[in-house]
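Undergrad: Handing you a structure now.
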Amino acid sequence: MKRSAVKDVSSLVSQASEPTVTQLDYARPADEQIAIAVKAAILSMQLPPGQLISEKEVGRMFGASRTPVRAAFAQLREEGLLTTWPSRGTFVTNLSLKEIKAAQFLREAIETTVVQQLCANGLSEAYATLLDQNLADQQTAIDSGDDVSFRSLDDQFHTLLVEATGYDRIIAALNREKAVLDRLRSMALTSEGAMDRLRCDHAAIVDGIKRADAPFAVERLRKHVQLALQTLSELVERNRGYFDLDETSEEI
């Protein structure tokens, strides 16, 4: 998804009188394309928690009827990203501390096991090359201050680790849990030096795997995936309106 399309989604919910029309690919289902664009805007925090989003305006932006927009919204409600209140409208859901902690637990369990497996079985030359290129691309994104590209490369890095095990079905499970954390990750990524810290961790994890040093690689991975949670208390304090109020009293 190109960033320009996501920006269009962000502008339309501000009720712009002349939203830019984003051309749909008529060879693909319209509801799928609309759902992808709106989801990208939500996960990147361009559509923040609590934001009102209009079916009518989304349809105008894509030049689509209400039917595919409703289907897209239904999908995003199932994924827990949108909620509809009768007589009030459809809103981007708030962040849930309980769901964040549960997703973090599962993500850490999956990825530490992946790293252990790679240390035990070795990293193929092909995936070593792909990971090295990914790290180089991350540095390019950092040097140009491109946080959007960096987020994509960060996701790609973790996907490559899973693919390297040969257990492709794990990717869906990991992506499901990471999606719960994506908005928190987007918020944490805005802190100074965040991208540098993440890339440093990525490089250390790859180095540990190449050396078959499981204790080192697993520990670096564990600390790495816990980075966003370490700033959770601060993020809640700065953005209290983004979180479910009945959960903010929990110990963070």
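Undergrad: Among 198-205, 171-178, how do they line up from the highest to the lowest mean number of other beta-carbon atoms within 10 Å?
TA: 198-205, 171-178
Undergrad: Right, here's the next one. Which length gain, in nm to one decimal place, applies between residue 129 and residue 227 when the Cα-Cα distance is subtracted from 0.36 nm times their residue separation?
TA: 32.7 nm
Undergrad: Additional query: Between residue 65 and residue 213, what length in nm is gained on full extension when 0.36 nm per residue of separation is reduced by their alpha carbon distance?
TA: 47.8 nm
Undergrad: Another question, then. How far apart, in nm, are the 7 Å Cα→Cβ label points at residue 203 and residue 163?
TA: Going by the 7 Å Cα→Cβ label model, 2.3 nm.
Undergrad: Just to confirm, what accessible area per residue do you get for the range 116-252 at 1.4 Å probe, in whole Å²?
TA: Spelled out: the 1.4 Å probe surface of the range 116-252, per residue, equals 51 Å².
Undergrad: Using each residue's phi in the range 214-219, evaluate 6.51 cos²θ - 1.76 cosθ + 1.60 at θ = phi - 60° and report the 3J(HN,Hα) Karplus result to the nearest Hz, with x for Gly and Pro.
TA: With coefficients 6.51, -1.76 and 1.60, one gets 4, x, 5, 5, 5, 5 Hz.
Undergrad: With +1 on each Lys and Arg Cβ and -1 on each Asp and Glu Cβ, how big is the dipole of the chain about its Cα centre, in debye rounded to the nearest 20?
TA: Taking the Cα centre of the chain as origin, the dipole is about 560 debye.
Undergrad: OK, next. Using the C-alpha atoms of the range 156-252, what convex hull volume per residue, in cubic angstrom, is computed?
TA: 112 Å³
Undergrad: So, one more: For a Förster distance of 35 Å, can you work out the FRET efficiency between the beta-carbons of residue 121 and residue 179, rounded to the nearest 0.05?
TA: For residue 121 and residue 179, the calculated efficiency is 0.80.
Undergrad: Another question about this same structure. Using the structure shown, select from 56/101; 39/223; 39/98; 56/98 the pairs with a Cα to Cα distance greater than 31 angstrom.
TA: 56/101; 56/98
Undergrad: Along the positive direction of the dipole of the chain (beta-carbon charges: Lys, Arg +1; Asp, Glu -1; about the Cα centre), which of 193, 116, 87 reaches farthest?
TA: In the chain, that residue is 87.
Undergrad: How large, in percent, is the carbon and sulfur part of the accessible surface of the chain at a probe radius of 1.4 Å?
TA: Ligands and nucleic acids excluded, carbon and sulfur reach 50 percent.
Undergrad: Got a sec to turn the phi values of the range 73-89 into Karplus ³J(HN,Hα) couplings, 6.51 cos²θ - 1.76 cosθ + 1.60 with θ = phi - 60°, whole Hz, x for Gly and Pro?
TA: Whole-Hz 3J(HN,Hα) from phi for the range 73-89: 5, 4, 4, 6, 5, 4, 7, x, 9, 10, 9, 10, 10, x, 6, 10, x.
Undergrad: Okay, next question. What are the residues whose amide H is under 5 Å from the amide H of residue 82, where those residues sit 5 or more places off or on another chain and H is modelled from the backbone?
TA: Amide H neighbours of residue 82: 77, 93.
Undergrad: Helix 97-121 against the longest principal axis of the chain: what's the angle in degrees, Cα atoms only, rounded to the nearest 10?
TA: The helix 97-121 is inclined about 40 degrees to the chain.
Undergrad: Can you tell me which of 102-109, 187-194, 158-165 comes out highest on packing, and rank the rest after it, using the mean Cβ neighbours within 10 Å?
TA: Peptide ranking by packing, descending: 158-165, 102-109, 187-194.
Undergrad: If we sort 237-243, 85-91, 126-132, 111-117 on the protection proxy, mean other Cβ atoms within 10 Å, highest first, what's the order?
TA: Those peptides, ordered most packed to least, come out 111-117, 126-132, 237-243, 85-91.
Undergrad: Right, something else. Kirkwood Rh, the chain, all Cα pairs: how many Å?
TA: Radius from the Kirkwood sum: 19.5 Å.
The values are calculated or read from the model by the stated rules, or taken from the named source; none is laboratory data. These numbers come from a predicted model, not from an experiment. Don't worry about glycine lacking a Cβ; one is built from the backbone with ideal geometry, like all the others, and counts go over all protein chains shown. Only protein heavy atoms, including side chains, enter the accessible area calculation; ligands, DNA and RNA are left aside. Shrake-Rupley method; radii C 1.70, N 1.55, O 1.52, S 1.80 Å.
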